[in-house]
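Laboratory data are not the source of any read-out in this text; all were calculated from the coordinates shown. Predicted, not measured: the structure shown is a model, and the values here were computed from it. All Cβ positions, glycine included, derive from the backbone under ideal geometry; neighbour counts span all protein chains shown.
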Amino acid sequence: MKKQLSEHWFKLATVGLLIVIIAAVAIQMNGKGKPSKLPKYKAAVDFQMSALDGEQVSLQTTSGKARLIYFFYTSCPDVCYPTTQYMSKVQDILAEQGDFPSKAALISITFDPKRDTVERLQSFASQYHPDLTGWKFLRGDEAATKDLALAYRAQVVKDNKGNFVTHTNTIALIDKKGIVRKYYNASDLELTPKIIAAEMTQLINEK
């Protein structure tokens, strides 16, 4: 009798767990078997900066693609390297799908153009096997870059000697029409390249 009761409660618990899982999935879906639509925040602030090959890159030159924008500097002591590795994995996932670089772009902008020369950026970028036709490493005027970063919810901090010490680890997701659709906290331990790639794919397929 006790064995039968135990089996009965086990079955009920299993059914209950399945209901919870199904409900959680349903919350993430829009009722049509697709991920919930990403919100539209605002028009992304445009810019024009030089890539490693001297190409002038802007939102206009990457229009029609889903884009990630990340601000970093090569002497960053902590988050820049692992976050750039994340972006490298996003590149690989999208490339495997056939969406990179034709339908998606990655844009990494240095906070520190004085120290981050073209040669230094090339050395940094080479660690992440970038397809430079779709992943642009950019440098421009430092003051203008700081203002631009603030528009993308990224901020850098210097010490009293003028050295960069840290920054907010934000990645902005921009859709094909130049609208900001999401801000990622790249230090979030639950964030994965698969999540970012899936949401970029959603924007790629968006009508």
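Taking 19 Å as the limit for the C-alpha separation, the pairs Lys42/Lys158; Lys89/Lys136; Lys114/Lys182; Lys103/Lys207 exceed it in the case of Lys42/Lys158; Lys114/Lys182. Label-to-label distance, Gln127 versus Leu150, with points set 7 angstrom from Cα along the beta-carbon direction: 3.0 nm. Each of Val118 and Lys42 was given a label point 7 Å from its Cα along the Cα-to-Cβ line. The distance between the two points is 3.4 nm. Potential lengthening of the chain between Glu190 and Lys158 amounts to 8.7 nm, from the contour at 0.36 nm per residue minus the alpha-carbon distance.
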